[in-house]
1. Could you tell me which residue of the stretch B:473-524 is modelled with the lowest pLDDT, considering only residues that are β-branched (Val, Ile, Thr) and assigned to a loop (DSSP other than H, G, I, E, B)?
2. So which of A:Val44, A:Val70 ends up being under 11 Å from the mean Cα position of the chain (by Cα) and within 14 Å of chain B (Cβ to nearest Cβ)?
3. Which of the residues that make up the stretch B:677-700 are polar (S, T, N, Q) and touching a Gly at 6+ places or on another chain (Cβ under 6 Å)?
4. Of (1) free of Cβ contacts under 8 Å to residues at least 60 places away in the same chain; (2) in contact with a strand residue (DSSP E or B) (Cβ under 8 Å, 6 or more places away or on another chain); (3) within 11 Å of chain B (Cβ to nearest Cβ), A:Glu81 satisfies all except one. Which?
5. List the number of the failed condition for B:Lys51; all other conditions in (1) at pLDDT below 95; (2) buried (at least 19 other Cβ atoms within 10 Å of the Cβ); (3) under 21 Å from B:His199 (Cβ atoms); (4) in contact with a helix residue (DSSP H, G or I) (Cβ under 8 Å, 6 or more places away or on another chain) hold.
6. Looking only at the stretch B:27-46, decide whether some residue is within 27 Å of B:Arg294 (Cβ to Cβ), in contact with a helix residue (DSSP H, G or I) (Cβ under 7 Å, 6 or more places away or on another chain) and not in a loop (DSSP other than H, G, I, E, B).
7. Which residue pairs have Cβ atoms closer than 6 Å, lie 6 or more positions apart in sequence or on different chains, and pair a first residue in the stretch B:388-407 that is in the same structural domain as B:Val327 (by TED's automatic domain parsing) with a second residue that is among the acidic types (Asp, Glu)?
8. Taking the stated definitions as given, is B:Leu193 without any contact (Cβ under 8 Å) to a residue 60 or more places away in the chain, touching a Leu at 6+ places or on another chain (Cβ under 8 Å) and either in a strand (DSSP E or B) or within 14 Å of chain A (Cβ to nearest Cβ) (or both)?
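The values are calculated or read from the model by the stated rules, or taken from the named source; none is laboratory data. Quantities reported herein were computed from a predicted structural model and do not represent experimental measurements. Note that each Cβ is placed from the backbone with ideal geometry, even for glycine, and that neighbours are counted across all protein chains shown.
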Amino acid sequence: MFLIDCPYCKESRDQNEFSPAGEAFIARPQNPEELSDDEWSDYVFYRTNHKGDHWEQWVHTNGCRKYFLVKRSTISHEILEVAAFGEVTSENPS
Amino acid sequence: MRLKNHKSDFIDQSEALSFIFNNKSYKGYKGDTLASALIANDVLFFARSFKYGRKRGLMGSGVEEPNALVSLEIGGRYTPNLKATEVMLYDGLSAVSSSNPNSIDFRALIKPLHRFMPAGFYYKTFIKQKVWAMVEDSLRSLAGFSKAPTEKDEDVYDHVFHHTEVLVVGGGVAGITAALEVLNNSKTTRVILVDERAHLGGELFNEFQSDDTAISWHHDNLSKLLEFKNVANSRLKIFSRSTAYAWYDHNYIEVLQTNATGESLISGGTQAARKVLHKIRAKEVILATGAHERPMLFETNDLANIMLSQSVRRYLNEFGVISGKDVVLYGNNDSIYSTAIDINNNEINCKVIDIRPSGGESETVLKAKKLGIEVLQGYAVLKAHGTNLVKGIEVSSVEMQGKKWRLTGPSKRLNCDLLASSGGFNPVVHLDCHCGAKTFFDEDSQAFLPQKVRKNRQVCGSISAIGFWKDVVIDAKNKAQLTLLSLGEIKKSTQDSMSENYLDYYNASQFFVPIEILNRPKVFIDMQNDVTTLDVALAIREGYRSIEHIKRYTAMGFGTDQGKTGNINGIAVAAQFLDVPLSEVGTTTFRPAYTGVDFGAMAGREVGGFFDPQRYTTIHDSHLESGAEFEVVGQWYRPWYYPKSGEDIHQAVNRECLAVRTSLGMMDASTLGKIDVQGKDAREFLSRVYTNAWMKLAPGSCRYGLMCNEKGMIIDDGVSTCINDNHFIMTTTTGVLQAFTLL
C-alpha cells in the first residue's frame, strides 16, 4: 500500500485514492493512419517493463482526478519523485 | 499439575473460572491460557496430527505452538483452529480439539502402514493413477483440522486507522526500552507499542526469574510507560494481545487485536468488537519481535510431553503449572540450564543432557551443577520411548569429529515423564521480510538474522541474537537513538557499547543434526504437517534441491503455525543431506500473514447491508408494487422482470417482449449514465469516441453507438440523442458509469 504525494493536492495520501495509468512518456503518434500494424501495436501494447527507477503515470481518482507523473523504484516500491505533466519530460526525466 | 505455594503476578487464584474442553468440565484461574489451565488439570493430549492422526500434546506456550489446535465455542460464536496456548481463559469457555485425540481415528488405526506413506504418497498413489476423483471426498473427510463454520458470525469486528511516527513491534525488554527512549527524548513523537501477549515484558519474567534486578527493572519501566500512557492526549498507545501480522509497502502495518479476554463483550445492549484490526501507517518501525526456540531432533520426538525448554519455563514461572515430575532438559545451549534451575527451585526432579562436551562452562552451567542438578555433557538423545506419552529416552555419548557429529558410545535408557529441549533460537524475522528484505546466516549465533540496514526500520533485542537482558536494554536504546536521528528529533545519536560477550548468552552451539539420527524413522521436523527427516531426504532423492521446492514437496512449514518451530530445523536437515553449508540453502520466503487472521476481522463492519451500497431509483416503490424481481447493476437495483402469477423468468420475459412488439413498453433508464455534450464540435467529438457515424444524425433522432479504446477493445455502448447540431445527450451503461466518471 503506497503513500503517494499528489503534486496538485500537495498531500500524502493512501494508494486507495489513486489508480495507476501505465508507463510515462509514451507519445501518441501524430499520424495513426499511416502506421503499420507493428508500429501501432508497439504504441498500444509494448512497454519497457523496466527494473529499477521508473517514471509512470497515476491519476488521483478519488481526489482531484488529475493525472501526474511518479518516479518509483520497481524493486523496492519506493517513490522517489512526483511531478505534474510538463515539469519533467522524456528528454528531461531528471 | 499446578504447583502449591507458587506465586505469580499473572495468575489470580482468587478468581476461579470453569470451562469445558472436549465435553469435560475443568477449573482454571483468571490469567490462565487454555493450555496452562489444561496442564493444571493434567490433560496431556490436545489434538491429532494432520496426516498420521498421531496423538499430540503441547510443544510451545504461545504463537509458535504447532499441535494444540482447538475450535472455540459453537454456533454463531464458533471459531476454528485457534492455538490453545493463545486462548485466554474466561468463565464458561467451551472448546474442542481440532481433531479429537480421545476418539477412534482411522488414520491412527493404520499405523503399521505409515512407513509406506511418505511425502508425495497421495499424489503418486491417487492423482498420478487418475483415481483421485473417486477417493477425494473420503480422504479429505479423514484429514484436516477444525471444521469450517457454518453459521452466520454473531460477533462484530472493527477496523481502526492510526498514524504514528514510531511503531514498536514487540513489548519485551527491547520494545519497552525503545519506546521509552523515544518518548523521553522527544516532546512530540507519537509511539504505538504492540505486543501479542496479555502482559508487556516478553520473556523477561520467565527467563530471569531468579534475577532480582531484572524483575525490578520490569516493574519500574512498566510504570514509566504507564505514566506516558495515562495522561490526556497521550502520545503513547499500547495494544496488548495484538499481533502485527503483515508489513506492506511504505510502512503500512496491520495488527490484529483480540479482545482482552478473548471472548465477545456484549453488555448493556452495545456489542463490543471481538477483534479489532488496526491499520497503522508509521514513519519509523522498530522491530523487537524476539526469537522462537527450536526443538532438538530425535526419533519419535512428537510424543506428548516433549516440549520446548522455554515453554516449560514459562508455564512454570508465569502460570505455576508443569506437566511432569521427572524432567529431562536436552539441548545445545545454556537456556536449558536456566530452565533446570527454575525447575529445581520448585523441588521437582530434573536432569540435563547437553550435547556439548565438558570444559569451558559458563556461570549458568556451573550454577546448575552447584545446585546438585545431574548433568550429562557430551550426550545426545536418540529416541523417545512411550506409546503416545514420553516414558523414557535413549541416550548416547556424542563427539564432534572433524565438522560432523558422531555417536561414540553404546546407548542407554533413562526414565522421564517430561522432556524439554532447546536447539537454539530462531529470530522472528518474518515481518521484516514481508516487503522483500532478506535474511543472512550468521555463523556466530547460528541463526538467520534480518538484513543489517533498512530504510526507516531498526531491529533490536533477540531478533539480532542478543539474549542477555542488560545487553538488550543497551541495544534497544542505541536503535531508538538511530530512529530519533532519522526522524530529525536529535542531531547526533548516542551509541553505548554492549558487554563484550553479548552473543554468548545463549551460546548456541552448531545445529545438532548427525546423519545417524536423521536417518531414523519418525524424526518429526514439522509437527503440524507430519513432515519427517526422511521426507526431506526423499525430496532430495527425487531431485529437488531448492529449499522452496523441498518445502512444497514435503509440505514443511505450511499450516497455521507456518513452521515457526520446524522450518529452520528443516533447512538444517536439508543442508545436512545435501552436504552444503546452511547459508547456501537459505530460507523459504516469508509472506503475510504471520498468524491466522479471522475473515470476520478482515471484513470488519462491511458485512450484511454495509457490504455494498444499495442504490434505488425514484420509482423503486412502483417497481415493488408491480412485483418486480431485481438485478443489481453497478449497485443499482434495476427491475429485471415482472412475473405474474406462476410465471418463471422465461415466461415473463416472453410476455413482456410480446407486449413491446404489439403495443408499448416503457423502460426506466434513470440508472444509465448521462453525459451532456455541447459545443460546435459536438458531432466531431461523438464521431471520435464512437466507432460509427454521427455526422448525419438529424435533430430529434437517436442512434446506438459502440465505444472502443485504442487497443480495439469495446469499453461501452449506449444510445445518444441529437437535440440540435451543437447539443447531444449521450448515455452510458449503468455498470460502466462509475468507471467513466471517476477517470
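1. Checked the stretch B:473-524; the qualifying residue modelled with the lowest pLDDT is B:Val513.
2. Working: A:Val44 fails: under 11 Å from the mean Cα position of the chain (by Cα).
From the options A:Val44, A:Val70, the qualifying one is A:Val70.
3. B:Asn692
4. Unmet for A:Glu81, out of (1) free of Cβ contacts under 8 Å to residues at least 60 places away in the same chain; (2) in contact with a strand residue (DSSP E or B) (Cβ under 8 Å, 6 or more places away or on another chain); (3) within 11 Å of chain B (Cβ to nearest Cβ): (3).
5. (3)
6. Of all residues in the stretch B:27-46, those within 27 Å of B:Arg294 (Cβ to Cβ) come to B:32-40, B:43-46.
Right, trim to in contact with a helix residue (DSSP H, G or I) (Cβ under 7 Å, 6 or more places away or on another chain) and you get B:32, B:36, B:39.
Imposing the further condition that a residue be not in a loop (DSSP other than H, G, I, E, B) reduces the set to B:36, B:39.
Yes, there is a match, as at least one residue in the stretch B:27-46 is within 27 Å of B:Arg294 (Cβ to Cβ), in contact with a helix residue (DSSP H, G or I) (Cβ under 7 Å, 6 or more places away or on another chain) and not in a loop (DSSP other than H, G, I, E, B).
7. Partner pairs satisfying both residue conditions: B:Arg406/B:Glu399; B:Leu407/B:Glu516.
8. Answer is yes for this residue.
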